[in-house]
Amino acid sequence: QEEGEAALTEAELEQRVDIFLSETDTLWMLDLPTALVSTEAEEAGERNKIYAEICNAKIDSDHFEDKMVQTISGAAKTKEVQCETITVAETGTMVTSWDLDNSLKASQTEPAEAEEARGPAGKSSKAPRAEEHGQAGAGPSATDTAVPARSHEGKESWSEAILTSANLQQDLVVMERILMENIFQPKLAVYRQIPVLIEPVVTSDTDVEEAEEDEEEKDEEKQEETLSDPNQSPAEDAGPSLEQLWSYSCDLTSGHTVSSMAWNKVNPDLLAVGYGEFVSRDQKKGLACCWSLKNPMWPERVFRCEHGVTAVDFSLASPNLLAVGTASGRVAIYDVRSRGAAALLDSSASLNKHKGPVWQLRWLEQDRGAAAGDKAERLMCISGDGRMTQWFIQQRLDCSDVVKLKRMESGKKKFPGEREGKSESPLSLEAAGMCFDFHPEDPDIFLAGTEEGHIHCCSCSGKEQILGTYRGHKGPVYKVAWNPSSTEMFLSCSADWSILLWRRDSHSPLLTFTSVTAFVHDIKWAPKSPFIFAAVNERRVEIWDLTASIFNPVLTCAASPEGKLSSLLFARNAECLLLGDSCGQVGVWQLHDLPVPSTDQVRLCSQGLGSFL
């Protein structure tokens, strides 16, 4: 009620009032004009006529083309449906063993009864019983026995298909890698010089506090020991030592002698090992195995040879090629990427093949000054037939002679008045070649050791192939090795129990190393020190340090108590030494506290190891 107006009385409120509702004008909230027009309208006839003319103009016209068009989909509408609540109830039951047995027998008898009810043509007619025809105890039909046999054959074929599938083989390889990693993880971590993974142990707070207290006590004890004798240095007590990590061995290589070892030039974890037997009369067949750090218990590739393997080496230009030399004079090249055991190339068809054992072979760069893409390789071999050969890889494997080693006259001095005796003619004019090593800087110069104990300095080019002869050994020369830093010095080992250090310009040995009365089979210079070399004889491995002593080795170890050591090899990417023996084992040994030369020592060594000594 507005202000100023009088309030209605009770009589006015009781009066009846009539209210009349009338239609008002329509209010349009949305107006969409229709697209349809009456056919009677004038406007519709004109527009239809225009449309007909357009359609007639499209016929036989190059300006129009029929094409399908997809209309735009309208906006999606949301729709909701409400239903009753789904009730969930938990139920359980108990099943005994006889219930399972009865259910199994019932499932087996139901198909058999259904087969009998169907009959021969699939009709539901029962077959007459045997008793009705007077045939008591009729045997099983052929169809009844064929079904189980067919199912058994199907199971066998399915099992064989699973076992021979490529996916299963790949999965087994992955599983094998995981198992080997779990078994050899601490040893592999030491080899790769990375921390060893230790599984965390869940302990209480009191155990953690006690462990921390024990560590603090140990640190205090170590500090007291160092303070008690300040003049004593830890380097005086600590010396080089060897610790075995693992061995590459399996039943396949057991009883074979390790004759040679070689690392892959690209993959430092891949090792090629040659096995053979050369002492006993019953010579075993040879093996060339490729071992990987991922599985020290079985080789990745196995190549079988008819005769003992004497030498192996990987190619640098093609790291997948492995050259193998045997005791029969055969030279073969295998592709390690292939799982087949057949050789890629073989020297059996060559007219210039070796007549004696191939004691050593090596891949060498043919042109070291060329660009990396133009580098070619040559395969050099030395054999017991007195020939140093160079092999060419073409459609077949063929070779040419580089040097023919001749027997030398004995160097005995004649006394005054002594008559010349009748010279005994040798059975062969060729001297059996045992080993060789090319100069680190000059690829045309190499050393060749012979069975008669001589070392020849030879040249691949020039008229004079033999530049000089070093006489010092009284037995076959098994290995020669140039010093990688002091390129004028080289080592040699022999069956006369000695190791000789030579200088290139002197035909007499500079130093003689002899420790035990045993054949020295192999020698190698250490890769990180020009003063340290390792040697293996039949009894032990020896580490010699020329800066410490020239009379005794700084480290000796009987690494193969069951057999005799035959070869050694330094690891490329670890402080480890590999030792092969006559039992078919290749032991991997960790070198501890091996001295590293100073900068001045390396500089003096580069000027000449002889001047340093």
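The values are calculated or read from the model by the stated rules, or taken from the named source; none is laboratory data. Owing to the predicted nature of the structure, the values given are computational and were not obtained by experimental measurement. Don't worry about glycine lacking a Cβ; one is built from the backbone with ideal geometry, like all the others, and counts go over all protein chains shown. Side chains are part of the model used for accessible areas, which takes the heavy atoms of the whole protein and leaves out ligands, DNA and RNA. Shrake-Rupley method; radii C 1.70, N 1.55, O 1.52, S 1.80 Å.
Can you tally the lysine pairs in segment 429-612 where the Cα-Cα distance is under 26 Å and the two residues are eight or more apart, or on different chains? Before the final figure, lay out the partial values.
Values: Lys474/Lys524; Lys474/Lys564; Lys479/Lys524; Lys479/Lys528; Lys479/Lys564; Lys524/Lys564.
Within segment 429-612, the lysine pair count is 6.
Under a plain spin-label model, where a point goes 7 Å from the Cα along Cα-to-Cβ, how far apart in nm are Thr164 and Lys284?
3.1 nm
Heavy atoms only, probe 1.4 angstrom, no DNA, RNA or ligands counted: give me Arg362, Arg572 ranked by accessible area, highest first. Let's see the in-between values first.
Numbers: Arg362 65, Arg572 125 Å².
Result of the area sort, largest leading: Arg572, Arg362.
For Lys77 and Ala317 in one chain, what is 0.36 nm times their gap in residues minus the Cα-Cα distance, to one decimal in nm? Don't jump to the answer; show the numbers that get you there.
Numbers: separation 240, 0.36 × 240 = 86.40 nm, distance 6.86 nm.
Taking 0.36 nm per residue and subtracting the Cα distance, the gain is 79.5 nm.
Return one whole number: the accessible area per residue of segment 1-104 in Å², for a 1.4 Å probe. Spell out each step's value before the answer.
Working: 12410 Å² over 104 residues.
About 119 Å² of surface per residue is accessible.
Taking N as the number of residues in segment 477-575, what is its alpha-carbon radius of gyration divided by 2.2 N^0.38 Å? Don't jump to the answer; show the numbers that get you there.
Values: Rg = 12.9 Å, N = 99, 2.2 N^0.38 = 12.6 Å.
Expressed relative to 2.2 N^0.38 Å, the Cα Rg reads 1.02.
Could you pull out the pairs from Lys355/Lys404; Lys355/Lys406; Lys187/Lys294; Lys353/Lys404 whose alpha carbons sit more than 18 Å apart here? Write down the numbers at each step before the final one.
Values: Lys355/Lys404 13 Å; Lys355/Lys406 16 Å; Lys187/Lys294 12 Å; Lys353/Lys404 14 Å.
As for pairs spanning more than 18 Å Cα to Cα, there are none.
Which value, in Å³ per residue, describes the convex hull spanned by the Cα atoms of segment 241-280? Write down the numbers at each step before the final one.
Working: hull volume 4.8 nm³, N = 40.
Hull volume normalised by residue count: 120 Å³.
Take the Cβ-Cβ distance between Arg339 and Ala89 as r, set R0 to 51 Å, and report the resulting FRET efficiency rounded to the nearest 0.05. Before the final figure, lay out the partial values.
Details: r = 59 Å, r/R0 = 1.16.
Between Arg339 and Ala89 the formula returns 0.30.
Separation between the Trp98 and Lys528 pseudo-spin-labels, each 7 Å from Cα along Cα→Cβ, expressed in nm?
Output for this residue pair reads 7.7 nm.
Using a probe of 1.4 angstrom, how much of the accessible area of segment 429-612 is carbon and sulfur, in percent?
Values: 3630 of 7310 Å².
Here it works out to 50 percent.
Put a dot 7 Å past each Cα toward the Cβ at Met29 and Ala57; how far apart are the dots in nm?
Each label point lies 7 Å from its Cα, and together they span 4.4 nm.
If you take every residue apart from Thr556 with its C-beta less than 11 Å away from the C-beta of Thr556, what net charge results, scoring Lys and Arg +1 and Asp and Glu -1? Don't skip to the answer; put the middle values down first.
Working: positive: Arg539, Arg540; negative: Glu542.
My count for the surroundings of Thr556 gives +1.
Put Cys399, Cys55 in order of accessible area, largest first, 1.4 Å probe: what do you get?
Details: Cys399 10, Cys55 50 Å².
Result, largest first: Cys55, Cys399.
With r as the distance between the Cβ atoms of Thr109 and Asn182 and R0 = 41 Å, compute the FRET efficiency 1/(1 + (r/R0)^6) and round to 0.05. Can you show the working numbers first?
Values: r = 50 Å, r/R0 = 1.21.
The pair Asn182/Thr109 has a calculated efficiency of 0.25.
Against the empirical 2.2 N^0.38 Å scaling, what ratio does the C-alpha Rg of segment 429-612 come to? Could the numbers behind the result be given before it?
Numbers: Rg = 16.2 Å, N = 184, 2.2 N^0.38 = 16.0 Å.
Compactness ratio reported: 1.01.
For Phe490, what accessible area in Å² do you get when you roll a 1.4 Å probe over the heavy atoms of the protein chains, rounding to the nearest 10?
0 Å²
Accessible area of Arg192, 1.4 Å probe, to the nearest 10 Å²?
Answer for Arg192: close to 100 Å² accessible.
At a probe radius of 1.4 Å, what is the per-residue accessible area of Lys528, in Å² to the nearest 10?
Its heavy atoms expose roughly 140 Å² to the probe.
Which FRET efficiency, nearest 0.05, do Lys406 and Cys250 yield, Cβ-Cβ r, R0 45 Å? The partial results should precede the final answer.
Working: r = 43 Å, r/R0 = 0.97.
After rounding, the FRET efficiency stands at 0.55.
Please arrange His521, His456 by accessible surface area, largest first, computed with a 1.4 Å probe and ligands excluded. Don't skip to the end; give the middle numbers.
Numbers: His521 50, His456 0 Å².
Highest to lowest solvent-accessible surface, that is His521, His456.
Taking a probe of 1.4 Å, how large is the accessible area per residue of segment 429-612, in Å²?
Values: 7310 Å² over 184 residues.
For segment 429-612, the per-residue accessible area is 40 Å².
Under the rule of at least 5 residues apart or a separate chain, name every residue whose amide H is placed under 5 Å from the amide H of Tyr470.
Counting only residues 5 or more places away or on other chains, the set is Ile455, His456, Cys457.
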